[in-house]
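See below for the structure under consideration.
Only the coordinates and a few stated rules stand behind these numbers; no lab work does. Please read these numbers as outputs of a predicted model, since none were measured by experiment. Ideal geometry is used to build each Cβ from the backbone, glycine not excepted, and the neighbour counts take in all protein chains shown.
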Amino acid sequence: MGISVKQTEAFRLFDEANRKDPNSEVFEGKPYPKELLYAQRMTKTLDAFAPNASEALQLTARCQHICRWEIPRDSYEMNRTGYLKWRQDLKKFHAQKSRELLEAAGYGNYLIAQVEFLLLKKQLKKNEETQTLEDVICLVFLDYYFEPFAAKHEEAKVIDILQKTWRKMSEKGQQAVLKLSFSEKSMHLIQRAITA
């Protein structure tokens with residue numbers, strides 16, 4: 001089943017916004033705006049993990065980090081309190097930004113409210129769609145960002161992050177992790193984290 005005209009337009013608007021990211025990431029030898037690449041990876045992972053995802057969930061996956069660079073981490077205190085405040089403010093910012101772009105794409109309030117609900121991660125572990133979104137976020141992190149992250153941090157911190165990530169996931173999400181392709185070192189760290 002193809003995606004609707006409205007959804008195509010929403011994706012176009014999301015991608016156009018994320019294309020302005022001043023930060024870039026090289027993937028397969030080509031530079032991409034960082035958040036545009038992240039958004040495309042979220043869609044690709046959701047399509048593989050939950051091919052029958054609702055329109056609201058597909059939209060949320062695509063705009064999960066919309067214009068994230070506009071609220072940099074270093075504009076908050078560099079401690080746990082600052083980090084948590086940054087994360088909360090980001091969720092609200094992404095919800096507001098997505099509302100503006102979804103309205104521009106022609107969506108009404110009912111569907112926009114569903115996207116906001118998911119972006120704010122409401123009812124994690126209780127709401128199936130919120131949990132699916134969290135699983136996809138964790139899968140994208142582990143598939144594309146974990147190995148560079150692990151190379152930069154001490155083993156104890158890496159294992160702690162892996163354990164926190166694992167706890168956020170559903171059993172289906174955890175099973176999907178074990179099917180990803182990792183280096184021998186990373187697989188060893190993952191096994192240590194999940195059996196500890």
Response to the item:
Under a Gaussian network model of the chain whose springs join Cα atoms within less than 10 Å, the largest fluctuation of 156, 61, 39 belongs to 156
Worksheet entry | Relative contact order (%) - the range 126-196, alpha-carbon pairs under 8 angstrom, separation at least six | 45
Discussion item. Running a GNM on the chain with Cα contacts under 10 Å, which residue among 43, 60, 81 ends up with the highest mean-square fluctuation?
Written reply: 81
Worksheet, complete the sentence: For the range 87-143, the Debye formula with one identical point scatterer on each Cα and no solvent gives log10 I(q)/I(0) at q = 0.23 Å⁻¹ as -0.95
Discussion item. A 21 angstrom limit on the alpha carbon distance is what I want to check against. Which of 85/122; 152/179; 85/172; 44/85 exceed it?
Written reply: 152/179; 85/172; 44/85
Item to complete: Could you grab the relative contact order for the chain? Cα pairs under 8 Å, six or more apart, rounded to a whole percent.
Response: 19
Worksheet item: Shape of the range 126-196 from its Cα gyration tensor (a ≥ b ≥ c, root eigenvalues): rounded if a/c is under 1.5, otherwise prolate when a/b > b/c, or oblate?
Response: prolate
Worksheet item: Using alpha carbons only, how many degrees (0 to 90, rounded to 10) separate the axis of helix 34-49 from the longest principal axis of the chain?
Response: 80
Item to complete: Rounding to the nearest 20 debye, state how big the charge dipole of the chain is about its Cα centre with +1 on each Lys and Arg Cβ and -1 on each Asp and Glu Cβ.
Response: 420
Worksheet item: Roughly how tilted is helix 184-195, in degrees to the nearest 10 and between 0 and 90, from the longest Cα axis of the chain?
Response: 90
